[in-house]
Amino acid sequence: METIKAPRGTKDVLGDESWKWARVLSVCGDVARDFGYSEVLLPIFEHTELFSRGIGDATDVVEKEMYTFLDKGDRSITLRPELTASMVRSYLEHDMRRAPQPVKLWSAGPMFRYERPQKGRYRQFWQADFEILGVESPMADIETIDTSMEIYRRLGLTNLKVLINSVGCPKCRPAYREALKSFIESSPGGMDSLCETCRGRLERNPLRILDCKNPSCKEMTESAPAILDSLCGECKAHFEDVGRGLSRIGADFRLDKRLVRGLDYYTKTAYEILAGELGSQNAVCGGGRYDNLAEAIGGPRVPGVGFASGIERIVITLEGQGVYLGEKPKTEAYVVTASDGLAIEASALTHELRASKIPADTDYSGRGMKAQMKHASVLGADFVCIIGDDEAASGTVSVKNMSSGEQRSFIRSETASRLLSWKEEQNR
Ligand code: AMP
């Protein structure tokens, strides 16, 4: 029988890597605390309707990429492909409008999209998501960009490109949509220069043609009118404030007229943060404003802005940039015994070391002392605590520093505290 493997597009994050994830998530948590976001833990599955209304039927995510199934009660359920819609649902469901605004929420966890897997693109991937709900102010847009940049700064990432654009609002976007459509229809190759997907988009969602990666679509829209030139006064002023605020905090950003979101409830600011190390899937973060999303899922109007950053992509970028994230957690002290008869003593000493927060381990397979020493060095232990026959008889433990070779003898009951002092002595 063939052994069962993990499904395509998923991966096991093993010990060599998972500690880096923990580090990234802990930096996200630290930044969330410093910026005043509170963490919410949301369901991994939701009613399908939340996403078909909250992301939009005409998007790739909803059209092609959702993991949707009927549960045993015949309800259509979807594994969440992103978090924004769930965040807004939670805000409405718990009547967070009653709280002082804005309400700032963050969450991290796995998302699911049936995409073609490649480097940096998976079917199950993790996002850290930050949202500021209940305020229209461009200062909130700036704050979300600042939040993501602070996460990357604390992690030590460099050379990130911040791209921003405005997608206008339902007042000014229709005119732009028409201008874009007529530009495409009247350009030399016309509709025929578009890829099949974009031909379908022309009527339903023409803005999406601007961010198609297909070379002929790119070429044809190269000189297309920019939405920034069609913004209404309010959207224009908002966009200018975002730019001014970003400059004021020293953010290095560029305008990208191709950066769009096709749906009506996405409003004003859209942004993306790119890292060269990622190859073709180069976005480490995507975000923007969605003032009409709450209404789209059946609530009152609740303005909002936020972003999601992919954890796998952060880790790939950290590795690509050779960022030092600290040491991988490891066994610091390994307890070695002369004979099986001392196994219970070894287990007790290991217990005491761990209780003093010294990462410790011992042997359970009755290996000889030499093999135990070898195992200690494979684990990279800094210290070996030896309970030989002499030590057992005299109530002591011999502790050897594996890098210097120095050996000290401690009274058995004082081993943990003496070892802690030795560690401190070394770190001084
Ligand atoms: P989006 O929700 O599509 O705006 O994506 C936000 C961020 O999530 C992107 O910038 C990526 O960092 C990450 N991301 C999106 N889709 C995937 C995927 N299939 N695999 C890995 N990361 C992803």
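So the values come out like this:
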{"quantity": "Meets criteria (crowded, with 18+ Cβ neighbours inside 10 Å, outside the structural domain of His238 (by TED's automatic domain parsing) and in contact with a Pro (Cβ under 6 Å, 6 or more places away or on another chain)) for Leu180", "calculated": "yes"}
{"quantity": "Matching residues, region 406-428, being under 18 Å from Asp389 (Cα atoms) and part of a helix (DSSP H, G or I)", "calculated": "Arg412, Ser413, Thr415"}
{"quantity": "Residue ID - surrounded by the most Cβ atoms within 10 Å (Cβ to Cβ), chosen from residues in region 70-84 that are out of contact with any helix residue (DSSP H, G or I) (no Cβ under 8 Å at 6 or more places or on another chain) and free of Cβ contacts under 8 Å to residues at least 40 places away in the same chain", "calculated": "Leu79"}
{"quantity": "Enumeration of residues in region 294-327 that are out of contact with any Lys or Arg (no Cβ under 9 Å at 6 or more places or on another chain) and away from the ligand (no atom under 13 Å from the Cβ)", "calculated": "Arg301, Gly320, Gln321, Gly322, Val323, Tyr324, Glu327"}
{"quantity": "Any hit, region 145-160, residues being more than 12 Å from the ligand (Cβ to nearest atom) and over 17 Å from the mean Cα position of the chain (by Cα)", "calculated": "yes"}
{"quantity": "Which listed residue is within 21 Å of the chain's Cα centre (by Cα) and either acidic (Asp, Glu) or not assigned by TED's automatic domain parsing to the domain that holds His94 (or both), from Glu319, Glu345", "calculated": "Glu319"}
{"quantity": "Of all residues in region 377-396 being part of a helix (DSSP H, G or I) and of a type in the set (S, T, N, Q), the one that is farthest from the chain's Cα centre (by Cα)", "calculated": "Ser394"}
{"quantity": "Wholly within region 48-127, strands (runs of 3 or more DSSP E) carrying at least 2 residues that are under 19 Å from the mean Cα position of the chain (by Cα) and more than 12 Å from the ligand (Cβ to nearest atom)", "calculated": "103-112"}
{"quantity": "Where a residue in region 90-111 is farther than 24 Å from Tyr67 by Cα and among the charged types (D, E, K, R) and its partner, wherever it lies, is exposed (fewer than 15 other Cβ atoms within 10 Å of the Cβ) and at pLDDT 95 or above, with Cβ under 9 Å and at least six apart", "calculated": "Arg97/Pro300; Lys104/Gly36; Lys104/Ser38"}
{"quantity": "Condition met for Gly134 (of a type in the set (Gly, Ala, Ser) and in contact with a Lys or Arg (Cβ under 8 Å, 6 or more places away or on another chain))", "calculated": "yes"}
{"quantity": "Meets criteria (touching a Phe, Trp or Tyr at 6+ places or on another chain (Cβ under 8 Å), of a type in the set (Ser, Thr, Tyr) and either at negative phi or assigned by TED's automatic domain parsing to the domain that holds Ile132 (or both)) for Ser38", "calculated": "yes"}
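Residues checked against (1) touching a Leu at 6+ places or on another chain (Cβ under 6 Å); (2) away from the ligand (no atom under 16 Å from the Cβ); (3) in contact (Cβ under 8 Å) with a residue 24 or more places away in the chain:
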| position | (1), (2), (3) |
| --- | --- |
| Glu234 | no, yes, yes |
| Ala251 | no, yes, yes |
| Leu259 | yes, no, yes |
| Thr267 | no, no, yes |
| Cys285 | no, no, yes |
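The values are calculated or read from the model by the stated rules, or taken from the named source; none is laboratory data. Remember, it's a predicted structure, so these values are computed and weren't measured experimentally. Heads up, the Cβs are rebuilt from the backbone with ideal geometry, glycines too, and the neighbour counts pull from every protein chain shown.
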